[in-house]
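Notes to accompany the following structure.
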Amino acid sequence: MGEDMDLRDLQRTGRIGRIDVQIESKKGETRGEILISSSLDRAETAVLASALETIDRVGPCIAHITVDRIEDIRVTKKRKIIERAKELLLDRFEDTPIDTIELLDQVRDTIRIGKLLDLGEERLPAGPHVADTDAIIVVEGRADVINLLKYSIKNAIAVEGTKVPKTIIDLCETKIATAFLDGDRGGELILRELLQVADIDFVAFAPRGRSVEEMSRKEITKALRNKVPVEFIHEQYRQGKEREMKDRYISDSPSSIVATQKIPIESSPKNGVKLDENHPMNRLHTIDEHIKEVSGRMIARLLASDLEIIGEYRADEIEKVLDMVNGDLSGVIIDRIVDQKLLDDFSWHGIELVVARDFKGIIKRPITVKLVKIP
């Protein structure tokens, strides 16, 4: 076939690559597979392949060689590259193309986030106008402040949790404060906490089940325009408590509420006997005297601001009667354990002093309430 097609010369010049042979012997017969890499053109490669089939001996053994296939590695690799590229295009690209409007919105959001302030020792997220404006909007979290900034509302500040920070309490004392919270259970809990410890003037409502951070400009504007005075909220809560009280009394048996009637301060009949002027219910006490008379009796004694007795009730019935008590309610001495729910109830009714057998599960203590444990 001439020097140009000599196999040794082709290997030496690199036009024929490594020759791999895999053999297998079975029952005195050896079969194998020969793999030859070639950089020759198609015609030269076909000639070389046909020449291989003319080999009839390998060493001392008779041999038969048949060409199984000629494969262009470049085409095969290209085909694999294309198939893999299709998979990557369909399965691995997570980001969709960004259009011009979305790109501008992202840039504007970056500018707005850059305008966020960190106010107070708690470093609360706030809009740039909170410090120098006469009115503020109290929201739940950082994302709410950013969403309001998106629509050019720059006087919002975030509570960042159920415990109201001192910074917000101080701001509410000097500015017109509007609470604008999520329309879920978390928003309601924060609102109740705000109403207990901060001087809130108005309340705006997010739609039920919606959060402020996902509201549109139109929804935010509508919610803030329809804000209501805080007195309206207090009245709604009070009416809700009265309805709850009424339902509970209707469902209770008569014997379970015998001891929940208010006892007037003036000499009141008790068990059909008129109290004399020296009875403990008819004279002024000190706090220590009140504690001694309540301790061990499983009762609750409600006090006015001058420590005058408003009434005595069974300790386990105190929740039912708080809304029915008239007078200047300022303190309570109760011979039972006070938990977080009962403490919140006391604070809601304006009680500033709570003396109890013990306090359990108190997570947050209203700053206006003083707690004393019965010795």
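Since every read-out is calculated from the coordinates, none of them should be taken as a lab result. Only a predicted model underlies this, so the values are computations on that prediction, with no experimental measurement involved. No Cβ is skipped: glycine too gets one built from the backbone with ideal geometry, and neighbour counts run over all protein chains shown.
General observations
- Projected label points at Lys341 and Lys373, each 7 Å from Cα along the beta carbon direction, are separated by 2.3 nanometres.
- Placing a pseudo-label 7 Å from each Cα along the Cα-to-Cβ vector at Val21 and Ile176 gives an inter-label distance of 9.9 nm.
- Only the Cβ atoms of Lys and Arg (+1) and of Asp and Glu (-1) were treated as charged; on that basis the dipole of region 100-236 about its Cα centre amounts to roughly 460 debye.
- Extension gain, Phe232-Glu308: 0.36 nm per intervening residue step, less the Cα-Cα distance, totals 24.3 nm.
- Listed residue pairs exceeding 18 Å between alpha carbons, taken from Lys292/Lys360; Lys175/Lys370; Lys175/Lys218; Lys154/Lys175; Lys163/Lys218: Lys292/Lys360; Lys175/Lys370; Lys175/Lys218; Lys163/Lys218
- The average projected area of region 37-94, computed from the convex hull of its Cα atoms over all directions, is 5.9 nm².
- Summarised in one figure, the compactness ratio Rg/Rh of region 100-236, Cα atoms and Kirkwood Rh, is 0.96.
- Rg/Rh ratio calculated on Cα atoms of region 285-348 (Kirkwood radius): 0.92
- Here each label is just a point 7 Å from Cα along the line to Cβ, and for Lys292 and Ser216 those points are 7.1 nm apart.
- Least to most buried among Lys80, Lys222, Lys320 (fewest other Cβ within 10 Å first): Lys80, Lys222, Lys320
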